[in-house]
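One structure below.
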Amino acid sequence: MGLLDGTPWEHEVLCGRCGRGEAECCCPPDEEPPEPFVPANQQRVRIAVEKRKKGKRVTTVNGLMGPDAQRRELLARLKTGCGSGGTEKNGAIEIQGNHQQRITALLVELGYRVG
């Protein structure tokens, strides 16, 4: 399928690397290099408690670097350590409730620098 199909300006979509048509292109798909693993002792994280709708409090952990898998593993550890639910949004970890002291202790125990 080309650009502007069914119009007088219709033309085939070309590969940006080899210049062939979309059907004839043999270029491998673009792959982003994975983010490097960043050791905990090289990361400075910030912990804050935010007030959300209906007075609910959420503890956020910002400043995390490294691949998504590393953040997901840390999220699982924090949720287990706090006995609470949580999620990861835009590179930050959110834990339901005010768990600032408990999360600080867990992160220091894991080797993170809390600031």
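Every number in this text was worked out from the coordinates using simple rules, so none of it is lab data. This is a predicted model, so every value here is computed, not measured. Methodologically, a virtual Cβ is constructed for each residue, glycine included, from the backbone with ideal geometry; neighbour enumeration extends over all protein chains shown.
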Item to check | Virtual spin-label span in nm between N41 and R72, 7 Å along Cα→Cβ | outcome: 2.8 nm
Checklist entry - How large is ³J(HN,Hα), in whole Hz, for each residue of segment 96-113 in order, when computed from phi with the Karplus curve 6.51 cos²θ - 1.76 cosθ + 1.60 and θ = phi - 60°, using x for Gly and Pro? => result 5, x, 8, 10, 4, 5, 5, 5, 4, 5, 5, 5, 5, 4, 7, x, 6, 9
Next on the checklist: Per 0.36 nm of contour for each residue apart, how much would the distance between A105 and E32 grow if the chain were fully extended, relative to their Cα-Cα spacing?
Outcome noted: 22.8 nm
Checklist outcome for this item: HN-Hα couplings for segment 61-78 via Karplus (6.51, -1.76, 1.60; θ = phi - 60°), in whole Hz with x for Gly/Pro, come out as 10, 10, x, 7, 10, x, x, 4, 4, 5, 5, 5, 5, 5, 4, 4, 5, 5
